[in-house]
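K.L.:
Encoded as structure tokens, here's the structure I'll be asking about.
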Amino acid sequence: MRASTDPGVATAERYRAFAEVEARGMSTCYERWAAGVAADPEIVTLIDLLPPVKRQPNLVFSAARLHGAVAGEYPAFAAWLREHWALVAATCLTHATQTNEPGRCAALLPALAALAGPLAIIEVGASAGLCLHPDRYSYRYRSADGGEWMLHPTDGPSPVVLDCAVTGPVPLPERMPDIVWRAGIDLHPLDVHSDADVAWLEALIWPEHDDRRSRLRAAVAVAHQETVEIVPGDLNDQIEALVTRAPAEATVVVFHTAVLAYLNERDRNRFAAQMTRLPVRWLSNEGQSVVPGVLERLGKAPAKESAFILALDGEPIALTQPHGRSLHWLG
């Protein structure tokens, strides 16, 4: 094998890792597609025509499915991709992986509810802003012993019901957090009123995850009820100004999930430094080695490589499934 600095080898390794770590147990289709790409020099060569930042599996696969690629075995997908590559490549160049999974709110809610209110929440990497409505969703937390805990918005059950399996001493909230102001930042915000943007959000959901697709549509309907400002721009450049706009009497909470992985090390460190300097509570939910210092404070890596670490002000408080399906509170 050639050295790993070779772009083709780097892409093959990236897709192999995606198959073995991220897709395994989560999407049989994407596991097969990614493993197939990793062993297919012709398709790797096509993908390497894209800029490095645009070669990520989730982006390529989502662009393909947006244009009609059907979930199934790899050989059929590879044939389809060769025939439609121009369309897929064009979409990769103009789009980004902006998965807006409202289910992640189930992992964030206990931490939000434990903070002194009222709260002003700011999401960086907000996409279409669906995670900026945690108080407007219903939650069903299930424990390993079969117990169940339901929580609804103050005005009654929501059409969006988020299920989450919990372990450890999770501080399940008695009531919703009091959120009085909300805003977001995204490089290219998506609009819940745009059919094209919503279609892209649906394409970003993995093939087998029909429950997530249904939930997305319901969350979009909830978001239609209140317009939330999402400031376009770089999170490092926009965050301080947005924090200063929050109500003075509120506790400002800056949060993000699966966002900092798209920043280089210098920009991650810059963001972490701003979170330390600004008068905010910082709630991060990211891959294990993404947020500076968090994994070191945890002490040892979780058994599951795919688990995210939920941290408050840089201190690990829980392990989460990336789409909010489970939450393990650290004792």
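Each value in this text was obtained by applying a stated rule to the coordinates, not by laboratory testing. Just so you know, these numbers come straight off a predicted model, no measurement behind them. Cβ placement follows ideal geometry from the backbone for every residue including glycine, while neighbour counts extend to all protein chains displayed.
K.L.:
Explain nothing, just the number: dipole magnitude of the chain about its Cα centre with +1 on each Lys and Arg Cβ and -1 on each Asp and Glu Cβ, in debye rounded to the nearest 20.
P.N.:
My answer is approximately 400 debye.
K.L.:
Using a/c under 1.5 as the rounded threshold, could you call the range 209-331 rounded, prolate or oblate? The axes a ≥ b ≥ c are square roots of the C-alpha gyration tensor eigenvalues, and prolate needs a/b larger than b/c, oblate otherwise.
P.N.:
oblate
K.L.:
What is the set of long-range amide H partners of Ser158 at a cut-off below 5 Å, with H atoms built 1.01 Å from backbone N?
P.N.:
Hits under the 5 Å cutoff: Ser138.
K.L.:
Please check: in the Gaussian network model of the chain (C-alpha springs, under 10 Å), which one of Ala71, Ala144, Ala218 has the largest mean-square fluctuation.
P.N.:
Result for the chain, Cα springs under 10 Å: Ala144 fluctuates most.
K.L.:
Further question: Of the candidates Thr45, Thr91, Thr167, which one comes out as most mobile in a Gaussian network treatment of the chain with C-alpha springs shorter than 10 Å?
P.N.:
Maximum among the listed residues: Thr45.
K.L.:
Provide the percentage of antiparallel DSSP beta bridges, counting only those with both residues in the chain; round to the nearest 5.
P.N.:
40
K.L.:
For the Cα atoms of the chain, what angle does the longest principal axis make with the long axis of helix 57-66, in degrees from 0 to 90, nearest 10?
P.N.:
80
K.L.:
Dividing the Cα convex hull volume of the range 1-137 by residue count, how many Å³ per residue is that?
P.N.:
Roughly 143 Å³ of hull volume per residue.
K.L.:
Same structure again: Can you work out ³J(HN,Hα) from phi for every residue in the range 103-111, in order, using Karplus 6.51 cos²θ - 1.76 cosθ + 1.60 and θ = phi - 60°, giving whole Hz and x for Gly and Pro?
P.N.:
In residue order, the calculated couplings are x, 5, 4, 5, 7, 7, 4, x, 5 Hz.
K.L.:
Let me ask you something else. Rg(Cα) of the range 244-300 divided by 2.2 N^0.38 Å?
P.N.:
1.22
K.L.:
Expressed as an acute angle from 0 to 90° and rounded to the nearest 10, what is the orientation of the C-alpha long axis of helix 235-245 relative to the principal long axis of the chain?
P.N.:
Approximately 20 degrees, to the nearest 10.
K.L.:
Here's another thing I want to ask about it. Step by step: find N for the chain, compute 2.2 N^0.38 Å, then divide the Cα radius of gyration by it. What's the final number?
P.N.:
Scaled against compact globular proteins, the figure is 0.99.
K.L.:
To continue, here is another question. Helix 265-277: angle to the longest alpha-carbon principal axis of the chain, degrees 0 to 90, nearest 10?
P.N.:
Taking the Cα atoms of the chain, the angle to 265-277 is about 0 degrees.
K.L.:
Of Leu295, Pro110, Ala165, which is farthest along the charge dipole of the chain in the positive direction, counting Lys and Arg as +1 and Asp and Glu as -1 at C-beta?
P.N.:
Leu295
K.L.:
Okay, moving on. Which value at 222 nm does the chain reach when only helices count, each DSSP H run of 4 or more adding -39,500 (n - 2.57), with the total divided by all residues and rounded to the nearest 500 deg cm²/dmol?
P.N.:
My calculation for the chain gives -11000 deg cm²/dmol from helical runs alone.
K.L.:
Oh, and also: Considering the chain as a Gaussian network with a 10 Å cut-off on Cα pairs, which listed residue, Ala114, Ala128, Ala311, attains the greatest mean-square fluctuation?
P.N.:
Its mean-square fluctuation being the largest, the pick is Ala114.
K.L.:
Given axes a ≥ b ≥ c from the Cα gyration tensor, I'd like to know whether the range 147-290 is rounded (a/c under 1.5), prolate (a/b larger than b/c) or oblate.
P.N.:
Rounded, since a/c falls under 1.5.
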